[in-house]
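The values are calculated or read from the model by the stated rules, or taken from the named source; none is laboratory data. Since we're looking at a predicted model, the values are computed, not measured. Using ideal geometry, Cβ is built from the backbone for each residue, glycine included, and neighbour counts are taken over all protein chains shown.
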Amino acid sequence: MASRDTPNTAVDKLSEAQAKSELTRLAAEIAAHDKLYYQSDAPKISDADYDKLRKRNNAIEARFPKLVTKDSPSNRVGAQPSGRFAKVPHAVPMLSLGNAFSDEDVADFVERVRKFLKIDGELDIVAEPKIDGLSLSLRYEDGELVRGATRGDGFTGEDVTANVKTISDIPHKLKGRNIPAVCEVRGEVYILGRDFIGFNKRAEKEGIQLAANPRNFAAGSLRQKDSSITASRPLKFFAYAWGEMSAMPAKTQFGMIEWLGKVGFSTNPLTTLCDSVDDLLKFYRKIESKRASLGYDIDGVVYKVDRLDWQERLGFVSRNPRWAVAHKFAAEQATTILNDIEIQVGRTGALTPVAKLAPVTVGGVVVSNATLHNDDYIKAIGNDGEPIRDGVDIRIGDTVVVQRAGDVIPQIVSVVLDKRPKSAKPYKFPTVCPACGSHAVREEDPKSGELDSVRRCTNSLTCPAQAMERLKHFVARNAFDIDGLGDKQIEEFFTDGLVTTPADIFTLQKRDARSLKKLANREGFGATSVKNLFDAIDARRKIALQRFIYALGIRHVGEGNAKLLARHYGTVDVFRKSMIAAGKGEDSEAYQDLNSIEGIGAVVANAIVAFFAEPHSVEAVDELLKEIDVLPAEKVKSNSPIAGKIVVFTGSLEKFTREEAKATAERLGAKASGSVSKRPKSSALRC
Ligand code: IVH
């Protein structure tokens, strides 16, 4: 029997010949999925289906042990039974840095630190290059490397221990005496430019996929399932930070870097202790001039307050430390022609103009689109109402300078006026939505009376573009992450009327025969694809609260805010009820509670309340909840005596600035309020 006939044959019914060809088929199929998952980061099947392939492979091998080959998927070094990396929660989150783009931004950073700490004396700051690689956390217990984890979303990463152990810069055992029992060392995995070029040259010869840039190369190499592949890649590591530490071996940032060097890590030799803004800027200029000859990619420099007790006091605001900042290098630029301006309608109705450019290479990447942000930006008016680009507007037909920085969407930074065609006319921004024809307006801020810079379609209920974008967001990777249901499928299903609300995705299987036939008959979509899609949908009927909240696509509620909300409210029921109650007005307890979550400001709170004030949104949420289970989130626990209390700071404070006092109270789980509310709650403490 030919092997294509055996995938559904029970393992105990297979003949030896059938088993042999079935194993060959499975090995090829698993290898192809591995490649898609690990190298292209574009899996085509669900984790569950992938596991089924592996289980079948293992079951056949168990029945016919002599058919096990050296290349069998079960024999690959570093492969895990499930074939995917385990998730690792970070005991101390791996957060990111705020950015400074100009000398003034750096001066502002230093000033902010001084003000927060109330100091005008000496302030030492460590300056070091910002390595363009990927961050890694290494956990040592009793001096032994026990786990390596990627950053992931900052709260949960992937366990890449086997791969990390192949990197020669990473010690398996820490050197010296008095090593703290638990040390989490953090830093950046990167590759030397010459090694990257060498790899791509070989890959080209061998017909393997080339890496787009050194950072992607480092990331791809670290996430190999077969650690012998990682071992063959010349990855390097600089240590510059830490997570959980059972004891601190030094009192300063600089002292910690020295300690990291002593226990066996490579630390960046350019790390310098500075004590003034001038010093920091000198360091920045020096590193910028050395950038091309360093041998590895950097995208700026990082400044960190040296004293660790001050770092502790400064703490974090949102997801960035107050005690550090990244000073980024200027972006790369190129000149091209603006062929057209297209208007895209986003999921919150925002009309975003997109520049359609004659393709041009900027810093090694071909750019043919750039964001134009909004009407004012095209007209050369900045967010603060002041002129930008020397007051020069952007017109179709213009020659423009395009800039790209890191992963940021390309921007138009200036217009070459000498080359403006005589026929070029000022751009007229549409006042109706191009997708549904409804009015598109610039909302007025009720407090300041200023017009919002974004023009929005007023038809949030039935505008097809908004509805479709909301669905794309709903199934996206960080939301419901449904395998096989990407932007393209959503567009098709939406156009065909098969899926118009999130709940429709989960009721797809219950449709009448005609609809199901319509589904199976689409191009490139057979009965197997339909089955795979239904399995992938079923696999997401249970979802974490934070993903659920993020998936709703509420304005201003990104992953970070979704997590804060999930942790605060715990269950979907409490969240839903509280949000509806918060809509009763700013004086309501539910609104006050929402507004007091650290990191959730009035703008975000109002956006959430506005979402739940729409009966249509609540209905869509309720329909969806009939189809899925939302798993409760872990609430932030705190045993501090002021946890859960509202703290009000009145009068003048002696040791703290008001900002620091507020941040400290919030860190201890309290809610800090700026003023005594009209109706003080019994649990409010006054300090
Ligand atoms: S310190 C609390 N130092 O930049 C943040 N980060 O945006 C601690 N990075 O994810 C990070 N070089 O991957 C720090 N010398 C350096 C760095 C550095 C590169 C990366 C790191 C982090 C990102 C922050």
Exercise for the section: Kindly establish whether Ser137 is at pLDDT 95 or above and within 16 Å of the ligand (Cβ to nearest atom). Expected result: yes
Handout entry: Cβ-Cβ under 8 Å pairs, at least 6 apart or on other chains, the stretch 492-510 side among the aromatic types (Phe, Trp, Tyr), far side part of a loop (DSSP other than H, G, I, E, B)
Key = Phe493/Val499; Phe494/Thr500; Phe506/Arg541; Phe506/Glu627; Phe506/Ile628
Handout entry: Options Ala239, Ala231; residue that is buried (at least 16 other Cβ atoms within 10 Å of the Cβ), within 15 Å of the ligand (Cβ to nearest atom) and of a type outside the set (D, E, K, R)
Key = Ala239
Completion exercise
When restricted to Ile537, Ile600, the only residue assigned to a loop (DSSP other than H, G, I, E, B) and in contact with a Leu (Cβ under 7 Å, 6 or more places away or on another chain) is Ile600
Exercise for the section: Go through the residues of the stretch 562-576 one by one and say whether even a single one is in contact (Cβ under 8 Å) with a residue 24 or more places away in the chain, among the hydroxyl-bearing types (Ser, Thr, Tyr) and over 30 Å from Gln509 (Cα atoms). Expected result: yes
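Condition check ((1) modelled with pLDDT of 95 or more; (2) hydroxyl-bearing (Ser, Thr, Tyr)) across all residues:
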{"site": "Gly524", "(1), (2)": "no, no"}
{"site": "Thr528", "(1), (2)": "no, yes"}
{"site": "Asn532", "(1), (2)": "no, no"}
{"site": "Asp535", "(1), (2)": "no, no"}
{"site": "Leu545", "(1), (2)": "yes, no"}
{"site": "Ala551", "(1), (2)": "yes, no"}
{"site": "Val557", "(1), (2)": "no, no"}
{"site": "Gly560", "(1), (2)": "no, no"}
{"site": "Thr571", "(1), (2)": "yes, yes"}
Exercise for the section: Please state which of the following conditions Ala162 fails to meet, knowing it meets all the rest: (1) within 15 Å of the ligand (Cβ to nearest atom); (2) buried (at least 17 other Cβ atoms within 10 Å of the Cβ). Expected result: (1)
Problem - Test for Ser276: is it at pLDDT 95 or above and either over 23 Å from Lys236 (Cα atoms) or within 11 Å of the ligand (Cβ to nearest atom) (or both) - result: yes
Handout entry: Among the residues listed as Gly295, Gly315, Gly300, Gly264, the single one being modelled with pLDDT of 90 or more, away from the ligand (no atom under 16 Å from the Cβ) and on the phi > 0 side of the Ramachandran plot
Key = Gly264
Exercise for the section: Could you tell me which numbered condition Phe494 fails, if it satisfies all but one of (1) modelled with pLDDT under 95; (2) assigned to a helix (DSSP H, G or I); (3) closer than 30 Å to Asn216 by Cα? Expected result: (3)
Completion exercise
Residue pairs within 9 Å by beta carbon, gap of at least six or interchain, first lying in the stretch 91-111 and of a type outside the set (Gly, Ala, Ser), second within 9 Å of the ligand (Cβ to nearest atom) and in a loop (DSSP other than H, G, I, E, B), listed first then second, are Pro93/Gly154; Pro93/Arg319; Met94/Arg151; Met94/Gly154; Leu95/Gly154; Leu95/Arg319; Phe109/Gly98
Practice task
Among the residues of the stretch 234-265, write down those that are part of a loop (DSSP other than H, G, I, E, B), over 30 Å from Gly220 (Cβ atoms), of a type outside the set (D, E, K, R) and touching a strand residue (DSSP E or B) at 6+ places or on another chain (Cβ under 8 Å).
Solution key: Ser246
Exercise for the section: Look at the stretch 1-47 and say how many of its residues are at pLDDT below 75, under 20 Å from Ser72 (Cα atoms) and part of a helix (DSSP H, G or I). Expected result: 10
Practice task
Could you please let me know if Ser453 is part of a strand (DSSP E or B), out of contact with any Leu (no Cβ under 9 Å at 6 or more places or on another chain) and touching a residue at least 60 places away in the same chain (Cβ under 8 Å)?
Solution key: yes
Practice task
Go over the candidates Arg307, Arg322 one by one and state the one that is more than 30 Å from Leu235 (Cβ to Cβ), at pLDDT 95 or above, among the charged types (D, E, K, R) and within 14 Å of the ligand (Cβ to nearest atom).
Solution key: Arg322
Practice task
Among the candidates Lys52, Lys70, single out the residue that is part of a loop (DSSP other than H, G, I, E, B) and either over 24 Å from Ala476 (Cβ atoms) or at pLDDT below 65 (or both).
Solution key: Lys70
Practice task
Considering each of Gly207, Gly198, Gly154, Gly176 in turn, give the residue that is free of Cβ contacts under 8 Å to residues at least 12 places away in the same chain and on the phi > 0 side of the Ramachandran plot.
Solution key: Gly207
Practice task
Specify which of the listed residues (Thr528, Thr500, Thr462) is closer than 25 Å to Gln344 by Cα and surrounded by fewer than 14 Cβ atoms within 10 Å (Cβ to Cβ).
Solution key: Thr462
Handout entry: Pairs with Cβ under 6 Å, 6+ apart, first in the stretch 241-259 and closer than 17 Å to Ala181 by Cβ, second of a type in the set (Asp, Glu)
Key = Trp242/Glu184; Gly243/Glu184; Glu244/Glu184
Problem - Selected residue [in contact (Cβ under 8 Å) with a residue 12 or more places away in the chain, under 23 Å from Arg319 (Cβ atoms) and of a type outside the set (A, V, I, L, M, F, W, C)] from Glu598, Glu623 - result: Glu598
Fill in the blank from the handout: Within the stretch 267-308, residues being more than 19 Å from Val113 (Cβ to Cβ), among the polar types (S, T, N, Q) and surrounded by fewer than 17 Cβ atoms within 10 Å (Cβ to Cβ) number 2
Problem - Every pair of residues 6+ apart whose Cβ atoms lie under 9 Å, when the first sits in the stretch 120-133 and is farther than 12 Å from Asp279 by Cα while the second is away from the ligand (no atom under 16 Å from the Cβ) - result: Asp120/Arg114; Glu122/Asp275
Practice task
Could you grab me the full set of residues in the stretch 105-164 that are among the hydrophobic types (A, V, I, L, M, F, W, C) and in contact with a Pro (Cβ under 6 Å, 6 or more places away or on another chain)?
Solution key: Phe155
